[in-house]
Every structure is written in structure tokens, then in C-alpha cells.
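Before any comments, here is the structure.
The values are calculated or read from the model by the stated rules, or taken from the named source; none is laboratory data. None of the values given here were measured: they were computed from a predicted structure. Virtual Cβ from ideal backbone geometry, glycine too; neighbours counted across all protein chains shown. Calculation scope for accessible area: heavy atoms of the full protein, side chains included, ligands and nucleic acids excluded. Shrake-Rupley method; radii C 1.70, N 1.55, O 1.52, S 1.80 Å.
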Amino acid sequence: MVKTGIVPAKIMLPAVSDMTAWACVACDQFTSESEYWTQLEKQVSGKPSALSLVLPEIYLGSGQGEKIAAINRNMENYLAGGIFRTLPEGFILTVRSTPYVKRRIGLVGAVDLEEYDYAKNSSALVRATEGTIEERIPPRLEIRKNAPMEFSHIMVLFDDEKREITERLYEERNRFEKLYDFDLNMNGGHIEGYFIPADTGVQQRFSALLDEERLIKKYGKADKFAFAVGDGNHSLATAKAHWNRIKEGLPQSERVNHPARYALAEFVNIYDDGIYFEPIYRLVTGVNARDFAEGLKKAQGCFEILLYGDKIKVSGGGDLPASISAADGYIEKYIRAHGGAVDYIHGEENLAALIKGGTAAGVIFEKLDKSKLFKYVSDHGALPRKTFSMGEGVEKRYYLEGRRITND
């Protein structure tokens, strides 16, 4: 069997009466909407919740050290209180509905961090889809370095056009133990989970995706590329940095099975009907919008510039990644010279609502065809950062399952 970078894990689930209060959305969502987190805190107050085990990024900065120390204490208290049930080694099949999609099927397991690399031109089995900003790793590493457990919002994509892995498990789900079935808080939809034993043949099915003949036919070369990180790349990069620190002090014999070598993630078929890509637009504020647009029109790229009451089409050539790189390069240079700020916005309607008067401009890109993602990354490496988003904020992965990252 060819290794792929996915392995079964001893997953831990909370034995709590209110699972809706337990699960909470990814920490990197709603970073400009404090009312979201305030409302969530009120909903889960006094109940065991994953919210007490993660640091929403809206709170990064002031008092961060105290919050991280509290997170570590909460993990230890939950462990000592015996609220977790540890499953046998295996996977969890997830079935998620959201306000936007009827069904999204995933498989929770672990990434072997020795098989993951976020460098742009990596040839690893598990690769980043977008550029990784190294400066975003240290605050996350500060949380992980003393944490006994991990709770993951990482979503990793695989390329199974025949839909023979998670979809087949979904069809057979009734023969597996159902672990949970509940509504997610804050309009996140509904989720079910089923335990998939390690010996069910999951790894063999993933291994078949790396058949050399298939790879050559699909991508034009035998590139051993099993998984592409869709959401949570910086969290996975943090897990990798943490493992690199730890393994330096371990003898070779202890590195193979150390729990920090692995990171929990949900694996989703890129062809799943519940996976869709949304473009991420740029909003530039605090500038002379017309002057900004005049310079951007000369950039080598294809996009639209949105001004107050006007839209300018730029057809300077190049594919989507090249267009994003050209626009981002110009924006960075312009702000450095003239001041201003850039933000990243989902939806043209939302973007248009934020452009008021002559001091703001938007940049609109085409949507990325998800079926071309693996071939592009294989041929060219990681896309520019903030190229696409997998769905809306409420559709992001919720922290639910946990896993030990220290030896008991």
C-alpha cells in the first residue's frame, strides 16, 4: 500500500449533554464581528464548550497571554474531569448540512506531519493550496506548545472524481456506530458523525488515488500529490512547527509514534456537492480611488475595479493566480507610498456596500474552478494567499472532536 499522509487516530469526543453548546466555529472567522463571539459566549455560558479551548482571532493581541494560559488550564481540567470518551483507532465520517448546502461529507483522521510541507513548490504528499504567512504561526504556536490536546478546524481536500471513498462510506453509514447527531449553534446547520474502524480499508482507497497510471492520465505526470489543504493551512503549519521543535529532542525510535507528529483534520472530496469555491475580493480604503484605479489599470492581469458608481474592466492577460499576484503587488506598493488599508471581502454585493464615496475601491476576481485546483498546485505550486474561500463563514468546520498531542 502506497502511503498517502492520512492515518487513523484515537479521537476523543466529549460526553456532554449539550453538544450544541460544545461545538464552535473556526477561530479565524468573524474577525470583524465581535457581536458574533459575544452572542456565542452567552449561549454556552456555564456549559462545557470547545469555545473555552480555543482562541478566536478577534481576541489576538491585548491579554493574549492570559487567554492562552486559561485555554491550557481548561484542557487540563476537562481531562481531569473525565468528560472525554476516547474512541478506538479509526476515523469519523461526518455529514454536515448548512444554510447553503444540503450535504457535505467528510472524514476526520490525522495528517502525518512528516508528509506535509507548506513551501510554495513542495513535492510532499500533503501541500498548501495558498501562500503561508510565516508571521501568523507564532501566536498559534504559543497556544499549542503547552497544550495537551488539539481541536481542529482544518479541512483537507482530496481529488476523487469517481467519488469512491467518502461517498461510499456515506452509503454504508448505517452499518457503523453513530457518534453524534445535533444542530450546530449560531446558524451553523446540522452535523452527524459515524465511527469508521481503522481496518475498514480507508487507507487503501486513498492509496489507490496515487496509482501512477491514474496520475499520468489525470495530471500528465506521476506527481505523488494526495491532499491539498483547503482551510486551516496556518493551523497545520503551526502543528508542523511544533512537531519540528519536539522531534529534535527525541531519539529516532520515539519519533514514529509520538502523538505530536500527527494533526487532526477533516478530509473532503473536492468533487463533493457541498464544496464550492468563492472568490475573495480586495477592498482598499483610505485612498484616492480614481488615482488608485488609474495605476491598477496598467497591471498585467484580468479583473474588475469597482468604484463608487463605476466598474472598470481590466484585461491585461494572465490566469487567475497571476492576476491576483499582480493586483496584490500593486495594492501593497500603492499603500506603502500613499497610505490606506486593504481588507478581504466575500461577495460582490458586500463589497459594493462598503464602497462609499471616492476614498474606497474594490478589486473583483473570477471564481476558481475547483476541479482545476490539484493540477494547478501540482504544476505551479501554492496559489497566492486569499485566492478562494470554501463557502461562507458559518459553513466552516466547527471544533468538535479532539485528540491528545502529548503522551498520557
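Just a few scattered comments:
- Relative contact order for region 261-329, counting Cα pairs under 8 Å that sit 6 or more residues apart, in percent: 23
- Evaluated with a Cβ-only charge set (Lys, Arg +1; Asp, Glu -1), the chain carries a dipole of roughly 420 debye about its Cα centre, given to the nearest 20.
- Accessible surface, per residue, of the chain when the full set of protein chains is kept, probe 1.4 Å, Å²: 44
- Potential extension, GLU213-SER45 segment - 0.36 nm per residue separation minus Cα distance: 55.0 nm
- The residues packed around SER122, meaning those with a beta-carbon under 12 Å from its beta-carbon, carry a net charge of +1 if Lys and Arg are +1 and Asp and Glu are -1.
- Working from Cα pairs under 8 Å separated by at least six residues, relative contact order for region 194-272 is 18 percent.
- 25 °C / 0.890 mPa s Stokes-Einstein diffusion coefficient of the chain, Kirkwood radius on C-alpha pairs, µm²/s: 109
- Charge dipole of the chain about the Cα centre (unit charges at C-beta), most positive-ward option of ASN146, ALA50, GLY317: GLY317
- Within-9-Å neighbourhood charge of ILE191 [Cβ basis; K, R +1; D, E -1]: -2
- One way to sum up the overall shape of region 179-257 is the equivalent ellipsoid from its Cα gyration tensor, whose semi-axes run 28, 25, 17 Å, largest first.
- Between helix 64-80 and the chain: long-axis angle, C-alpha atoms, 0 to 90°, nearest 10: 20
- Of all accessible heavy-atom area on region 154-231, the percent that carbon and sulfur account for (1.4 Å): 42
- Computed from label points 7 Å out along Cα-Cβ, the spacing between ARG245 and ARG175 is 4.5 nm.
- Accessible surface of region 272-408 [probe 1.4 Å, protein heavy atoms]: carbon and sulfur percent: 48
- For the chain, the relative contact order works out to 25 percent when only alpha carbon pairs closer than 8 Å and six or more residues apart are counted.
- About its Cα centre, the dipole of region 327-402 is roughly 200 debye, where the only charges are +1 on Lys and Arg Cβ and -1 on Asp and Glu Cβ.
- The residues neighbouring ALA299, those whose beta-carbon lies less than 13 Å from its own, together hold a net charge of +1 under the Lys/Arg +1, Asp/Glu -1 convention.
- Share antiparallel - DSSP beta bridges, the chain, percent rounded to 5: 85
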